[in-house]
Amino acid sequence: MRLLRSHVGLTIVFASTMTVAAAIQNPPPGGRGGRGGGRGVQVMTLATPAWPDAGQIPAKHAQSGGEISPPLTWSNVPDGIVSFVLIVHDPDAATGNGTDDILQWMLWNIPGEARSLPEGMPQGSQLPDGTRQISVTGPYYRGPGAPAAGNAHHYMFELFALDTMLDVPAIGASPQQTRAAVVAAMAGHVRGKAVYSGAFKRSQ
């Protein structure tokens, strides 16, 4: 199931009409590595000790609790990676005309040597190591907040390994526009991907 999620999670709709599937530009059959234009996209592993993949997200990491960003680690990273992008979103909360959803958190220009994010990432549009971040409500992690009524929402954590940095500012545009700009800038530069998910709804 984990491997299946890694492949299909990227088909979830992103801001505007742009999708990460388009940014990745599907590799040729059998291509999973190597260098040059024919190289594929390597499947990485993303994990957190805070909950099992597809399990219940603790209130500590939700709006109803401390709204603390979870610790994340990743591995099986391709060679030559320059930066990472992390996009956390709620595909069960479609907005607008249904081609967008709630952006819980997006970080880009995470340094290529990084293999983890600590619990409780600080706020700010640009961090000391060059990482930039936004969410639908500001430059910080926005925890899950699905209402008690109805089914739990599924929150997707999607990590992308890139062979470049992204020249997209964290301020000056709406979160939706910034998200679309980051996804567009990723086109042709994705060398690895990983997906992790969690479920949440308020208890009352």
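The values are calculated or read from the model by the stated rules, or taken from the named source; none is laboratory data. What you are looking at is a predicted structure, and each value in this text was computed from that prediction instead of being measured. Glycine gets a Cβ as well: all are built from the backbone with ideal geometry, and neighbour counts include every protein chain shown. Quick note on the areas: whole protein, heavy atoms, side chains included, nothing else; ligands and nucleic acids left out. Shrake-Rupley method; radii C 1.70, N 1.55, O 1.52, S 1.80 Å.
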Between a residue in the range 178-197 that is closer than 15 Å to residue 42 by Cα and any residue that is polar (S, T, N, Q) and at pLDDT below 95, which pairs come within a Cβ distance under 8 Å, given they are 6 or more apart or on different chains?
188/25; 190/25; 193/6; 194/6; 195/6
Tally time: how many residues in the range 65-81 are touching a residue at least 60 places away in the same chain (Cβ under 8 Å) and either surrounded by 17 or more Cβ atoms within 10 Å (Cβ to Cβ) or not in a loop (DSSP other than H, G, I, E, B) (or both)?
7
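Report the residue count in the range 67-120 for those that are touching a helix residue (DSSP H, G or I) at 6+ places or on another chain (Cβ under 8 Å) and among the charged types (D, E, K, R). Even if it seems obvious, please write down each step before you answer.
As a first pass, look at the range 67-120 and keep what is touching a helix residue (DSSP H, G or I) at 6+ places or on another chain (Cβ under 8 Å): 67-70, 85, 87, 100, 103, 106, 108.
Next, from what is left, pick out any that are among the charged types (D, E, K, R): 67, 100.
The number of residues fulfilling the criteria is 2.
For the range 82-91, name all the residues that are modelled with pLDDT of 95 or more and either open to solvent by 30 Å² or more (accessible area, probe 1.4 Å) or at positive phi (or both).
Initial filter on the range 82-91 (modelled with pLDDT of 95 or more): 82-89.
The answer is 82, and nothing else.
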Can you say whether residue 136 is of a type in the set (Val, Ile, Thr) and within 12 Å of residue 88 (Cβ to Cβ), as far as the supplied structure shows?
yes
Is one or more of the residues making up the range 160-168 open to solvent by less than 50 Å² (accessible area, probe 1.4 Å) and more than 15 Å from residue 108 (Cα to Cα)?
no
Among (1) part of a strand (DSSP E or B); (2) out of contact with any Lys or Arg (no Cβ under 8 Å at 6 or more places or on another chain); (3) surrounded by 14 or more Cβ atoms within 10 Å (Cβ to Cβ), where does residue 94 come up short?
(3)
Has the range 102-125 got any residue that is out of contact with any Cys (no Cβ under 6 Å at 6 or more places or on another chain), open to solvent by 40 Å² or more (accessible area, probe 1.4 Å), modelled with pLDDT under 95 and not acidic (Asp, Glu)?
yes
Within the range 115-162, restricting attention to residues that are more than 13 Å from the chain's Cα centre (by Cα) and among the polar types (S, T, N, Q), which residue is farthest from residue 182 (Cα to Cα)?
151
